[in-house]
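**Student:** Following this message is one structure expressed as structure tokens.
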Amino acid sequence: MGKTNIHVNLDHHIPSESLFTKCEYDKIGKSEEAKLHQKSNLDYRDFLEDNSGLTIWDRLRKPEFQRPTFCWEDDKYINLLKALQNNRVIPGVIFWLNTSTGHIFVLDGAHRLSAIRAWFTNDWGDSSSAQEYNYLEEDEKSASQRLRESISSEIGSFENCVKAGKLYRNAVDNRKDPFDTMDEATAIRGKFFYNLSTSLTIPIQWVVGDYKVAEESFLNINTGGTPLESQEVDFLKYRRSPVARAITGIIANGYKESVWIDNIVECNEISKRCYNLLLSDSDNHVNESITYMPFVKLQRKNGFYKHAFLLNLLAISSHKKTGDNTLFTTLSNLSDEANEIIVSQKTFDTLKNLESTMNHIRGKLSQSVGLYPPLYFYSSDGKYREQMLLMFLAWFSRGSDTDIKKRKYTFTLYRSQFEECWSIARDYIFYAMNRKGIGPRRLTDKSIDLLDEFLDTLVSGVKSKKGLTSIIKDFLKDYHEPTYISFCTYLENIGEKSKPFSSLTKNKIEIKNFIEAQVKCEICGGYVDLGNSHQVDHIHERSMGGTNDLNNGRITHPYCNNNRRILESITKINLEKIKQTNLNKKVNISEKNNKNEAKKSTPTTTQLSLDV
């Protein structure tokens, strides 16, 4: 896949105001004081750096949960500055004065103001102040330099325009044509800056009224311009709820302490762990290979997509399902609660519950079954399936503790066969779910029952000594007849003679071999997500005198390791065969590494992945 241009992050130029509960905002009086403001425009001087801390810029704030300032493409920044350069009108901005704090909220125009300020200060999101304000990804820092270079080429940096402006002024003062005394590019930049002190005028419209008036104005502005999804509108309305706070904190990687009311250290730590688990891979990986299949792989790195994904997860962790009503209830709960202690505790509990729920399928704690992402959450050709992650997460965490233990136990006993069947059937199951209208935002109890039905069909089929293909056909026939017919048609028409592989088939072959090259658990026979969800176990138990010798160690799932005695006493898996297969994989990898070392060649991406 090609490299995607990441947007610059200018969120620090106009910080978000610290959150208040509804009761605190109700105490803020009407902003009649705004009528007394004589400032009707922002001009050149307002954008210059001033370390006094007393300029209007130092008082500007964005309403909390406003869209972060990283949604513009590079061209939009360049076009705005070209409009300035050509003396075109810059649209006005809308302000509201908080008479309690003196802060001025930018209800509309924050992105435009941040872009102009960035040019004046040469701060395109990679400065020390930007990093202090918020967590920045490496690709965001690279984006800053990319945009800086583009603007320097097409517009000129602020510093270069200042120098050109002085040359232009000298020519004019000496009654010379600047275009005769300097090259055209320098003259254009000089003219731009020479006129900027009078041409840069941005009208200010002040909203007069209390907080409620300002909030309504903000919502009307932000739902009347660029169309917002209904969930975005809800997020703006219920942005003070515990779930909205948790989502914002996770996306900021714990670097936005203003969202927490109490338990600040604990909430920061949990949100950082959740970020590393859920968003870090998507945010940091740009150059993708076909075998790059992390736990979560969001396709749109900026905008509202992260919020929607995390809301789905939080609905699953709380209610074990999604759906419009469930998502609305999850987001809006306690959004109008006046008691800060209640809101604070619920926010903390929301984060803890999410992390605890994720531990059922990911991580090294004893309850983790350690699902291998490329097999469970991706199609056979490498497409990420968010609803599969949500479905398995809900399945392994729903019901009573007894229900969860029984489900994990049965799944683990038949995990090897489950994964063989799932590898073949997952594309067809996903297709059938879509035909039934099931997706990430529409996962009902009945939707998740699919996995119980799949496991029950598998167990019954294995006990009856049916082949895996027959088991899959039995399941699909009961679940969705049209998909069953498609699967049968596929079985009857496998491949054409003397034909080259299509690019899609090549991808599937690469992914199939990539998955099959992974280590398997030497207790259940299922694939291990090595490095993320495994434990190192004593083959001959330590409590029974087992040594800490290298040859007495093996890789297992955390759940399998902590339930090994009961599992090993009744499992029908050929563990010796799995052990030998794992050993062969290690030998093959070692031989490849030795050959590479001898040739002094650079390892390929696949080899590096296998080494890890």
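**Student:** Sum up the charges of everything whose Cβ sits under 14 Å from the Cβ of Y194, counting Lys and Arg as +1 and Asp and Glu as -1, but leave Y194 out.
**Tutor:** Surrounding charge for Y194 is +4.
**Student:** Can you give the accessible area of E232, probe radius 1.4 Å, in Å² rounded to 10?
**Tutor:** 20 Å²
**Student:** Let me ask another. What is the calculated FRET efficiency for I342 to D58, with r their C-beta to C-beta distance and R₀ = 41 Å, to the nearest 0.05?
**Tutor:** Efficiency for this residue pair is about 0.75.
**Student:** Can you give the FRET efficiency for N195 and S129, using 1/(1 + (r/R0)^6), R0 = 45 Å, r = Cβ-Cβ distance, to the nearest 0.05?
**Tutor:** 0.95
**Student:** What net charge is computed for the residues neighbouring N563, neighbours being all others with C-beta under 10 Å from the C-beta of N563, Lys and Arg scored +1, Asp and Glu -1?
**Tutor:** +3
**Student:** Next up: With every protein chain left in place, what is the accessible area per residue of the range 73-147 in square angstrom, probe 1.4 Å?
**Tutor:** So the range 73-147 comes to 38 Å² accessible per residue, rounded to a whole number.
**Student:** How big is the accessible area of W206 in square angstrom, nearest 10, if you roll a 1.4 angstrom probe over the protein chains?
**Tutor:** Taking all protein chains as shown, W206 has close to 40 Å².
**Student:** A further question follows. How large is the dipole of the range 272-369 about the Cα centre if only Lys and Arg carry +1 and Asp and Glu carry -1, each at its Cβ, rounded to the nearest 20 debye?
**Tutor:** 360 debye
**Student:** Amide H to amide H, which residues 5 or more places from L334 or on other chains are under 5 Å from it, using H placed in the peptide plane?
**Tutor:** For L334, no residues qualify.
**Student:** Using only Cα atoms, locate the centre of the range 128-184 and the centre of the range 257-283, then give the distance between them in Å, rounded to an integer.
**Tutor:** Taking the Cα centre of each part, the range 128-184 and the range 257-283 sit 37 Å apart.
**Student:** Apply the Karplus parameterisation 6.51 cos²θ - 1.76 cosθ + 1.60, with θ equal to phi minus 60°, to every residue of the range 304-312 and state each ³J(HN,Hα) to the nearest whole Hz, in sequence, with x for glycine and proline.
**Tutor:** Coupling constants for the range 304-312: 8, 4, 5, 4, 5, 4, 5, 5, 4 Hz.
**Student:** Now, a different point. Could you give the length gained on full extension between S332 and Y431, defined as 0.36 nm per residue of separation minus the Cα-Cα distance, in nm?
**Tutor:** 32.4 nm
**Student:** Scaled to the compact-protein estimate 2.2 N^0.38 Å, what is the alpha-carbon radius of gyration of the range 425-481, rounded to two decimal places?
**Tutor:** Taking N as the residue count of the range 425-481, the ratio is 1.16.
**Student:** Students often check this: by mean Cβ neighbours within 10 Å, which of 521-527, 236-242, 432-438 ranks highest, and how do the rest follow?
**Tutor:** Highest mean packing first, the order is 521-527, 236-242, 432-438.
The values are calculated or read from the model by the stated rules, or taken from the named source; none is laboratory data. What you see is a predicted model, and the numbers here were worked out from it, not measured in a lab. Using ideal geometry, Cβ is built from the backbone for each residue, glycine included, and neighbour counts are taken over all protein chains shown. When the accessible area is computed, the model is the full protein with side chains, heavy atoms only, and any ligands, DNA or RNA have been set aside. Shrake-Rupley method; radii C 1.70, N 1.55, O 1.52, S 1.80 Å.
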